[in-house]
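To keep things clear, I will list the structure first and then write my remarks on it.
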Amino acid sequence: MGPENAIITIDGPSGSGKSTISRLVAARLGFTYLDTGAMYRAVGYQARKLGISFEDSKSLAELLENINLVLAPGDGDTRVILDGEDISLAIRTAEMGLIASQVSAQPVVRQKLTEMQRRMGEKGRVVVEGRDTGTVVFPSARHKFFLDAEPEERARRRCQQLREKGLAADENDVLAQIIKRDQDDSGRSLAPLRPADDAIIIDTSSLGINDVVLFMLEQVEKSEEKVQYESRDERIGKMIS
Ligand code: DC
């Protein structure tokens, strides 16, 4: 895979800055941004709407067979259209985050969404954001990042985001939800939240968004140069031998 069709994965817990940063990195590179969390949220939304238990794998499989989900770039967050209905805002509540986390622990849900994500990103030029994109969805992606931050800082950021969207947010409640979701996402046996062995880990607690974006772009550029040299050396090697 050449530099022009690279895949960049950005994983990390809620509030680590990953969505804002992923969007900016994608925009700077002219890549597509793929928000995998929005897909888990959409499945959770549909399950709740249809009254399906979040542990009922048979009904969840059926739901996934018939799901009509479209992700489109929006002004801020990704626009999420389910059966023609714009659910972009409805899926962003703290409650929907917890529901998404619950359905995401079901193997049938992970399998189907992983397949969809691979199809959406297979051509490259994509920044994929989530929890397992560097470990499971695109294990051979060339650029992998894992963003983290102190839980209190993540709760503060999350509240600010929710308030900017006009949604109610209490910092103590959000902190408790963040801790619970971290435990669930990291503790599950299937595709747990963890950095890939070859990911660059960045603690964003005391870093500005732009500093992180610039650092990441530098890392991408550096390793792209290395890949170009390597493939040039390989071509020269072939010509000589
Ligand atoms: O990134 P987010 O807060 O929108 O994600 C919501 C939930 O979806 C998260 O708590 C766990 C799940 N998720 C996942 O299991 N794997 C992903 N790649 C992305 C999200």
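Straight-line reach from LYS222: taking Cα to Cα under 29 Å and skipping same-chain neighbours fewer than 8 places apart, the lysines in range are LYS18, LYS123, LYS144, LYS238. Close amide H partners of TYR33, meaning residues 5 or more places away or on another chain with modelled amide H under 5 Å apart, are VAL127. Taking a ≥ b ≥ c as the square roots of the Cα gyration tensor eigenvalues, with a/c under 1.5 meaning rounded and otherwise prolate when a/b beats b/c, else oblate, which class fits the stretch 1-132? Because a/c hits 1.5 or more and a/b exceeds b/c, the stretch 1-132 counts as prolate. Along each principal axis, taking the top coordinate minus the bottom one, the Cα set of the chain gives 66, 41, 34 Å in descending order. Neighbours of LEU193 by Cβ distance under 12 Å: Lys/Arg scored +1, Asp/Glu scored -1, total -1. The alpha carbon centroids of the stretch 99-154 and the stretch 167-241 are separated by 11 Å. Summarising the amide proton neighbourhood of GLU150: residues at separation of 5 or more, or on other chains, whose placed amide H is nearer than 5 Å comprise SER205. Annotation: amide H-H contacts under 5 Å for GLY130 (H modelled 1.01 Å from N, sequence separation of 5 or more, or interchain): ILE10, ASP11, GLY12. Phi angles of the stretch 131-148 translate, via the Karplus equation with coefficients 6.51, -1.76, 1.60 and θ = phi - 60°, into HN-Hα couplings of 10, 10, 6, x, 8, 10, 6, 10, x, 9, 4, 7, 10, 10, 10, 10, 9, 9 Hz per residue; Gly and Pro are given as x.
Positive end of the dipole of the stretch 80-158 (Cβ unit charges, origin at the Cα centre): among GLY134, ILE91, ALA149, the Cα lying farthest that way belongs to GLY134.
Helices meeting the span-like rule in the chain (full DSSP H runs, Cα extent of at least 24 Å along the helix axis, mean Kyte-Doolittle score of -1.0 or higher): 209-240.
When GluC sites (Glu not before Pro) are flagged only if DSSP places them in a loop and at most 12 other Cβ atoms lie within 10 Å, the longest unflagged stretch of the chain comes out as 123-241. Residue ranking by accessible heavy-atom surface, 1.4 Å probe, largest first, among ASP56, ASP75, ASP203 comes out as ASP75, ASP203, ASP56. For the stretch 190-195, backbone phi angles converted through the Karplus equation (6.51, -1.76, 1.60; θ = phi - 60°) give residue-by-residue couplings of 9, 6, x, 5, 6, x Hz, Gly and Pro being listed as x.
The values are calculated or read from the model by the stated rules, or taken from the named source; none is laboratory data. Just so it is clear, the structure is predicted and the values come from calculations on it, not from any experiment. FYI the Cβ positions are ideal-geometry reconstructions off the backbone, even for glycines, and counts take in every protein chain you see. Remember, those area values only see protein heavy atoms, side chains included, never the ligands or the DNA or RNA. Shrake-Rupley method; radii C 1.70, N 1.55, O 1.52, S 1.80 Å.
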